[in-house]
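Student: Let me give you the structure first, and then I'll get to my questions.
The values are calculated or read from the model by the stated rules, or taken from the named source; none is laboratory data. Model, not experiment: these values are computed from the prediction. With ideal geometry, Cβ positions are generated from the backbone for all residues, glycine too; neighbour counts draw on all protein chains shown. Each accessible area value is taken on the protein alone, full model and side chains, heavy atoms only, with ligands, DNA and RNA left out. Shrake-Rupley method; radii C 1.70, N 1.55, O 1.52, S 1.80 Å.
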Amino acid sequence: MPKALIVPAPLFQQPGRHVDLLRNADFDVVFPPTKMAVLNESEIIAALEGVSAVIAGSEPYNDRVLSAAKQLRVISRSGVGSDAIVLDDATRHRVVVTITPGTNHDAVAETTMALLLALARSVIQLDRDVHAGRWPREPLQPIRGKTLGIVGLGRIGQSVAIRAAGFGVRILAFDAFPNQEFVQKHSVELVDLNTLLARADFVTLHVPLVTETRGLINRTTLGRMKPGSILINTARGGLVVEQDLLEALKSGALSGAGLDVFEKEPAMGNPLLQLSNVLASPHVAGVDTQSLAEMANLAAQNIIGLSRGAWPEPCVVNAAVREGWKW
């Protein structure tokens, strides 16, 4: 009986249908001995002993880990990112890497809008004022009539656009391969990145972290943003050069930032967290009870399908491993 390891703590602290799916497919479901938020290399190596497939979180999968995991055939990410996995190493070790597209885009969009609204309408600061016995009555800035710039118009970016439209904002988007049908249907204006930054009152990031996008928001691009604008990042921390963002927020060039992700996580001690105009959350934008269940179920289904000879093409990240691959 092949072993399937479930690593993300929320998925084994509250077992759901994903566990039943694997057990009914004759997998021996096991869990890591430690409940650390993110396992380090040594911990994941120990947990992978004798394991054929893993539902993975944000723990590292590199040459050292994969060299030790002799029986591993599938890394099935519960989520849409794979940046903790060295894909070239996985392919070289003949390990299929899958993700769970279409399961958490609405959750991320909801968190994006929550951060945007809270910052734009000074919700947190007003709450602090009232709790401290102050009663400020200065007029707030409106959201209606403002311009939202969406960097990356994939599933998440589209989900944000749909929600933002209800607040009466103009929507700009920058995307290398936009869905033209969606753009026309929802009156999205496609522009280049520099134009978006210059015109948008709110900028939200929804692109993957790859070589071309690492440090996309830096001293130069921040300097092109509209004075007093707000940056939202619910994608990946590495998209932003944090020191440059810190300086822009301190100087007032930007009025605020909503950050669910950071270059180094957990982000305790990050100087951005000392600023009152930064609203932060602990990389949970895509995780609510509904999306968590959907991600876990699809991650389990990817493993089961591969074990039975199916190839879940929309979910496979390292397609180069397919030729000659077998369970």
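Student: State the number of residues belonging to region 90-99 that are crowded, with 24+ Cβ neighbours inside 10 Å and of a type in the set (S, T, Y).
Tutor: 1
Yes/no per residue for (1) open to solvent by 10 Å² or more (accessible area, probe 1.4 Å); (2) within 25 Å of T91 (Cα to Cα):
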position: A9; (1), (2): yes, no
position: P15; (1), (2): yes, no
position: D20; (1), (2): yes, no
position: N24; (1), (2): yes, no
position: V29; (1), (2): yes, yes
position: N40; (1), (2): yes, yes
position: L48; (1), (2): no, yes
position: S52; (1), (2): yes, yes
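Student: Going by what's in this entry, would S307 be described as loosely packed, with under 12 Cβ neighbours inside 10 Å and over 16 Å from the mean Cα position of the chain (by Cα)?
Tutor: no
Student: Shifting gears a bit: Working only within region 118-135, note down all residues that are within 19 Å of A200 (Cβ to Cβ) and either loosely packed, with under 11 Cβ neighbours inside 10 Å or in contact with a Phe, Trp or Tyr (Cβ under 8 Å, 6 or more places away or on another chain) (or both).
Tutor: A120, the sole residue that qualifies.
Student: Considering only residues that are open to solvent by 70 Å² or more (accessible area, probe 1.4 Å) and not in a loop (DSSP other than H, G, I, E, B), look in region 272-283 and name the one that is nearest to T111 (Cα to Cα).
Tutor: L273
Student: Can you list residue pairs whose Cβ atoms sit under 9 Å apart, with the first residue in region 190-203 being of a type in the set (K, R) and open to solvent by 10 Å² or more (accessible area, probe 1.4 Å) and the second being modelled with pLDDT of 95 or more and not in a strand (DSSP E or B)? Count only pairs 6 or more apart in sequence or on different chains.
Tutor: If the second residue must be modelled with pLDDT of 95 or more and not in a strand (DSSP E or B), the pairs left are R199/V191; R199/K226.
Student: Output the qualifying pairs, or none if there are none: Cβ atoms under 7 angstrom, residues six or more apart or on different chains, first residue in region 76-92 and free of Cβ contacts under 8 Å to residues at least 40 places away in the same chain, second residue assigned to a loop (DSSP other than H, G, I, E, B) and surrounded by 21 or more Cβ atoms within 10 Å (Cβ to Cβ).
Tutor: A84/E59
Student: Then there's this: Would you be able to tell me the number of residues in region 68-83 that are assigned to a strand (DSSP E or B) and either surrounded by fewer than 21 Cβ atoms within 10 Å (Cβ to Cβ) or polar (S, T, N, Q) (or both)?
Tutor: Total meeting the criteria: 1.
Student: Within region 309-321, work out how many residues are touching a residue at least 60 places away in the same chain (Cβ under 8 Å) and part of a loop (DSSP other than H, G, I, E, B).
Tutor: So the count comes out to 3.
Student: Anything in region 284-308 that is over 14 Å from S52 (Cα atoms) and not in a helix (DSSP H, G or I)? List them, or say none.
Tutor: V284, A285, G286, V287, D288
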